[in-house]
Structures are given as structure tokens and as C-alpha cells.
Amino acid sequence: MTPDPAAPVRVRIAPSPTGPLHIGTARTALSNYLHARHVGGTFILRLEDTDVARSTLEFEKGILDGLHWLGLDWDEGPEVAGEPARGPHAPYRQMERLPSYAAAAQRLLADDLAYPCYCTPVELDADRKAQEAARQPPRYVGRCAHLTPEERREREAQGRRGALRFRVTEGVVAFDDIVRGHVEFDVSNLGGDFVIVRADGTPLYHFTVVVDDSAMEITDVIRGEDHLSNTPKHILLFRALGFDVPRFAHLPLILNPDRSKMSKRKSQTAIDDYIAQGFIREALVNYLAFLGWSPGTEEDVLALDEIVKRFDLHAVHKGGAVFDRERLEWLNGQWIRRLDPDDLVDRLRPFVEAELAAGRIEWMPTDEDLRSLLPFVQERLPTLGAIGDLVGFLWVDEVDVDATTLVPKRWDVATTREGLAAAREVIPKAGEVAFEADELEPALRALAEARGWKAGDLFMAIRVAVTGRTATPPLFDTLVALGRDRVLARLDHAIEALDAPG
RNA sequence: GCCGCAUUCGUCUAGAGGCCCAGGACACCGCCCUCUCAAGGCGGAGAUCACCGGUUCGAAUCCGGUAUGCGGUACCA
């Protein structure tokens, strides 16, 4: 019945192209991937696009791109961008597998395990309302369950197209879920005979998932807990079709802060949005893997290959996990700091370009420019998208400085003017031979000491003058990055701003 | 309503009868480092292990019940 424990593991991720790649889908894909790689199994991608009304090619592409971006490569999957389908069970797109569902439906029909149902949406709605009013659980009333062939012909003759309903038998369906253990459902609570093929002939999820999982020889169905209650329907279908029933593993849900199922309404759910903000794949993968699972050690920053080694489906939790963006950001910072500098430059570039496109900076730095900033920028980036806020002042002609922020807390306007003027004199001299931090810092410290100023106050005045802000990377590295001429010009500009009335 | 699942610091988690009057991490607070901001180091606060019974010499860990939450209940997936 269940797969031979020794048989090679085959798992799949089966997204519906009805929206952008969702955090929950990514996590399910990751769990499947981790399990497959951990046990040396096969990871399959199947597109469940039978909801034609909501499925689009753009969403499909977005989901595939997102999965690739995460580094979750599949062994078998549909043809994309000119690449042929991979794997022995093509096609991997359900709308291209219609004949197999039709054949399976035919078998069920022939065996009288399913029947055409001509009930209209209006009738079904009325049934449901009546049941609700009578405080009964909603269930199909069986109006079409026992139509004679003549009655069916009659309806067809009237031009009515029947949906196909699967006959739900009696009894208890039990299975041993890998994460939840033994689970039982009384079939009488399933809501009666359920539709497996729409009146327009397109098959429904509960049906296609069973036909395909069987055809693709899936051994382990790893999916979200929201499918737990659907599982008995699937098992009934597997049995009716004479198929082996796979093992199941239902993952805990990812939750909104209020502990409801994570939703677009209450949380940021699209992977694309996280990418756009500068989260990196290493962090996202690391974070997602640790939602509802832990290696049982005190390690918390782990690369995908290390997670693969440690991953164990049996150790996955049963309880849902709230998505904690703050923790993701921390992990993102951890991973950004671990990035190779050249790699980081490559990843940063699109975000700098975005700053330019948004008009927040005025020109593009070169890769060398970017690279030279890394020693003091890398550890200050919680996300790649923070680059503009951090050092955007480097790539504009002038910065806005207002007299109030220019004056350090312990200083007054006159001292500030004096300090900046003195710095204006000292800096070019100190930097004459080499405009470097090692030259500038001692000179400015000496200046502060000579005047009896606290170095921090002088530095703050200079910082605001040349960057327009009070929080920046270390001052001397910043001065070097700006270059002598721009430093002097901005100092002059700041002194003018102090002199300006108001 | 019915069915199912779940419940350890605010959050993610460690824990599989004595090592736990519960450990780590994020966030928070303080100190150190320090030119600001980060990063880093050190320390602090934070969980009567949902509750009530039971089993046991001993329970976060086993059993039963209760509560609460969540999921499902579509000709969506």
C-alpha cells in the first residue's frame, strides 16, 4: 500500500501559478528539496495550473525564477524558456496532462465510483444554506447520485453538462503522517461525494494531485498542514484508482503575528518583495528552514548544504510558527557579512542602480568604488537595499545640510563655524601627500586637542557637513571615499549654510 | 456547526521521566569597545513548560479531560 521504505524517494513541489511565489510555497519547496537531497532522492516540480481563471504565465515564470533564485533546483520539471522538460514523466504542467485525468475519470465512471452531477450552483447553494439553517454540516445531498441512464441522457439533451462527483464510501481512513503521527478521519465527515471534474471538463485539485502523484511515482507528499484535512479524500481516490498511497508529511503553517495562517493581508508574503528589499537567498533559505524545524544543536547560521546534511523530516514540528521579520533581518546581516567581497559587489549593483533610477543618487559608482567601501560598509548592511541610506551621499553632487543638525550637541554656532573652518585648513595639508585615513585622523585629532575641543564634537560637525547626516560609516573612511575636492567643497558649503540667516 | 490539528520566554526554538526551580537565538535593557552608526564582547530582564486531574519515589517530558488558537469543510489550490 505505502511505498517500499527502501524504494528511492521521490518528492515534489506543486505550485499553482495563481500569484507570486509565496513564502509558504517557498518553505514547502525547501522542505521537499531538503528531504530529497538528504536521502538522495529526486525533487520534482509540477505546475498545478488547472485553475485556468487565475493562472497566468507571468506568475508561472515568477514562481520558477523565485525557486531558482533560492537555489532550489529540481531534477524533473516542465520545459521553460526553450529548455525541454526534464524527467521521464513529462509533461509537468497539469493543463498538458488533461488526457490522463480524462482516462482516470473514465475508469471511475465505468466502475461507478464516480457519477455525473447536474446540480446547478443555485441548487447547491440552496442546499448549503438549508443545512446551515438546520445547523447541519454542509454536505452534498446526493441528488444526482443515483440517476438512471435515461435521466442522465435527458439532462444532457437539455444541454446540461455534468460535473463528475466521486462517491465517498463509509468507514475510517487512517494514515501515519511523518510529522504528525497517526491520524484518523471518519469518512462521513468529508462532506459527501465531492466534485473531481468541473462541468467544463477541467479536473479539480483533489483529483489531479492524486493522478499525478501516482503517475510521477511520488513516494512522499510533503506539504502544508492546510492539506491535512484533504488527505483522506486523496487516500480514497488513490484506492479507488488502484494506486499505491504515498507517505504524507504535513508541515506546520507559517503564521501572521496574530497566529492566523500567513496571508498577504497581514504580512509580506511574496518572495519577490523580500528580494527587492535586499534579502539574500542564503538568509531566506536559512530562515525558512529553521521555521518549524531545528537541527537540535545551537547552530543558527547554516548554509543550505549544511542544512541538507542535518535535515530530518521526523524532527519537524507540529505547531505553527510566526514569521519574525526581525530575526530574518538579523540573519540577513549575518549572511551579508559572510559574503565574498566581489560577490557582494555583484549583488549590490542592482540596488545602487535602483537608487539611481529612483533619483536618490545622481550617478553610478564603479565596481572598484563599491569594492573599496566594503571594509566599512559590509558589516553595516542589514539588507542590500540599505546601501542607499548608508552611503548614498557619496553619489550626489551636493548634500543638504541645515544649520541645526550641523551644530553638535555640545557646541554652538560660532564654535561649529570655527571648527569647520579649521578643518577646512587642516584637511588639505594633512592629505597632501596621500588622502588617506591614516593621514587625516591624527591631524584632526591634533586640531581638536590644540583647540580644547572634544574630538567627537569636531568629527560630528565635519560628518554632518560632508554627508548631511549624523549616522554614517567611520568619518575618515568616508572622507577618503568622498575625495579631497568634494570634502573641501562640502565644508565650504556648510560654513556658508551656518552664516546664512535663519 | 461539524471534523481535524496544535499549545515551552514577546518571537523562533533546545528539551524525548531525574542532567531543567528549563538552555540558545532574535527583539529589549545595561556595560565594554568607540568619531556617529553598525558590528563585536560581556551582563540583565523575560517561560509557575496553556489549565485541571492522574501515573510515578520523581513529569515540560507518559495518560485523561478542559480551555484557547488554528486549519479544513468550494465545480480554489
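The values are calculated or read from the model by the stated rules, or taken from the named source; none is laboratory data. Please read these numbers as outputs of a predicted model, since none were measured by experiment. Reconstructed Cβ throughout: ideal geometry from the backbone, glycine too, with neighbour counts over all protein chains shown.
For the residues A:V141, A:V179, the requirement of being within 12 Å of RNA strand B (Cβ to nearest atom), touching a Leu at 6+ places or on another chain (Cβ under 7 Å), not in a helix (DSSP H, G or I) and not acidic (D, E) singles out A:V179.
Number of residues in the stretch A:188-221 that are β-branched (V, I, T), more than 7 Å from RNA strand B (Cβ to nearest atom) and in contact with a strand residue (DSSP E or B) (Cβ under 6 Å, 6 or more places away or on another chain) equals 5. Looking across A:L458, A:L482, A:L475, A:L488, one residue alone is away from RNA strand B (no atom under 16 Å from the Cβ) and in contact with a helix residue (DSSP H, G or I) (Cβ under 8 Å, 6 or more places away or on another chain). It is A:L488. Within the stretch A:40-56, the set of residues being near RNA strand B (Cβ under 9 Å from one of its atoms), crowded, with 18+ Cβ neighbours inside 10 Å and charged (D, E, K, R) comprises A:E48, A:D49. If you filter the stretch A:266-289 down to residues that are hydroxyl-bearing (S, T, Y) and within 14 Å of RNA strand B (Cβ to nearest atom), you find that the one that is farthest from A:A174 (Cα to Cα) is A:S267. Checked against the criterion of being assigned to a loop (DSSP other than H, G, I, E, B), farther than 15 Å from A:Y92 by Cα and more than 14 Å from RNA strand B (Cβ to nearest atom), the stretch A:22-39 contains not a single residue that satisfies it.
Within the option set A:R265, A:R223, A:R198, A:R239, being under 20 Å from the mean Cα position of the chain (by Cα), basic (K, R) and over 21 Å from A:L313 (Cβ atoms) holds for one residue only, A:R265.
The set of residues in the stretch A:224-265 that are of a type outside the set (D, E), more than 10 Å from RNA strand B (Cβ to nearest atom) and assigned to a loop (DSSP other than H, G, I, E, B) comprises A:L241, A:G242, A:F243, A:V245, A:P246, A:K264, A:R265. Would you be able to say whether some residue in the stretch A:249-260 is closer than 30 Å to A:P5 by Cβ and not hydrophobic (A, V, I, L, M, F, W, C)? Scanning the stretch A:249-260, I find at least one residue that is closer than 30 Å to A:P5 by Cβ and not hydrophobic (A, V, I, L, M, F, W, C), so the answer is yes. The single condition among (1) within 11 Å of RNA strand B (Cβ to nearest atom); (2) free of Cβ contacts under 8 Å to residues at least 40 places away in the same chain; (3) part of a helix (DSSP H, G or I) that A:L344 does not satisfy is (1). Evaluate the following for A:V172: is it modelled with pLDDT under 95 and more than 8 Å from RNA strand B (Cβ to nearest atom)? In short, yes. In the stretch A:323-341, of all residues being crowded, with 17+ Cβ neighbours inside 10 Å and not charged (D, E, K, R), the one that is farthest from RNA strand B (Cβ to nearest atom) corresponds to A:L339.
Inside the stretch A:89-115, residues that are near RNA strand B (Cβ under 9 Å from one of its atoms) and either surrounded by fewer than 12 Cβ atoms within 10 Å (Cβ to Cβ) or outside any helix (DSSP H, G or I) (or both) make up a count of 0.
Cβ-Cβ distances below 7 Å connect the following pairs, each with a first residue in the stretch A:95-108 that is within 14 Å of A:S214 (Cα to Cα), a second residue that is hydrophobic (A, V, I, L, M, F, W, C) and in a helix (DSSP H, G or I), and a separation of six or more residues or different chains: A:S100/A:V211; A:S100/A:A215; A:Y101/A:F207; A:Y101/A:V211; A:A104/A:V211. Read through the list (1) out of contact with any helix residue (DSSP H, G or I) (no Cβ under 7 Å at 6 or more places or on another chain); (2) more than 10 Å from RNA strand B (Cβ to nearest atom); (3) not in a helix (DSSP H, G or I), then give the number of the only condition that A:E398 fails. Status for A:E398: all satisfied but (1). When the stretch A:123-144 is filtered for residues that are of a type in the set (A, V, I, L, M, F, W, C) and surrounded by 14 or more Cβ atoms within 10 Å (Cβ to Cβ), the ones remaining, listed by number, are A:L124, A:V141, A:C144. Part of a loop (DSSP other than H, G, I, E, B), more than 8 Å from RNA strand B (Cβ to nearest atom) and either surrounded by fewer than 15 Cβ atoms within 10 Å (Cβ to Cβ) or basic (K, R) (or both): does that describe A:E306? No: the conditions fail for A:E306.
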